[in-house]
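Worksheet for the structure shown next.
The values are calculated or read from the model by the stated rules, or taken from the named source; none is laboratory data. Predicted model only: the values in this text are computed from it and were never measured. So basically every Cβ, Gly included, is an ideal-geometry build from the backbone, and we count neighbours across all protein chains shown. Protein only, heavy atoms only, side chains kept; ligands, DNA and RNA dropped before computing areas. Shrake-Rupley method; radii C 1.70, N 1.55, O 1.52, S 1.80 Å.
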Amino acid sequence: MDKIKIKKRIFSSKILCTLIGHKILVTRNITNHFKEYKCSVCGLELTNDLKGQKIFLTPELKDINEALIRIEKNKNKSV
């Protein structure tokens, strides 16, 4: 695919999500309460905040989720 076709596809998928809504799928279970989500149409990444609402997944939140995974693994390993 050339760059023009790729840009048109990305642009059209974002318009589709704007009109119809995102198709959110769970990509990773961080803990019992925290999960990472991704829109299967446009690729938007989300996660939970402390209140349980979905927010945009920033690089800082990715690092926090990785730390939570490590803590959870160490906790389960010692039990």
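Only one of the numbered conditions (1) closer than 18 Å to ILE64 by Cβ; (2) in contact with a strand residue (DSSP E or B) (Cβ under 8 Å, 6 or more places away or on another chain); (3) of a type outside the set (Asp, Glu); (4) part of a loop (DSSP other than H, G, I, E, B) is violated by LYS38, and that is (4).
Table: residues versus (1) touching a strand residue (DSSP E or B) at 6+ places or on another chain (Cβ under 6 Å); (2) assigned to a strand (DSSP E or B); (3) charged (D, E, K, R); (4) open to solvent by less than 50 Å² (accessible area, probe 1.4 Å).
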| position | (1), (2), (3), (4) |
| --- | --- |
| LEU16 | no, no, no, no |
| ASN32 | no, no, no, no |
| GLY43 | no, no, no, yes |
| LEU61 | yes, no, no, yes |
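Among the residues making up the stretch 45-59, a single one is crowded, with 17+ Cβ neighbours inside 10 Å and assigned to a loop (DSSP other than H, G, I, E, B): LEU57. In the stretch 45-64, the residues that are farther than 13 Å from ARG28 by Cβ reach residues that are open to solvent by 50 Å² or more (accessible area, probe 1.4 Å) and part of a strand (DSSP E or B) with C-beta atoms within less than 6 angstrom, at least six apart or across chains, in these pairs: ASP49/ILE55.
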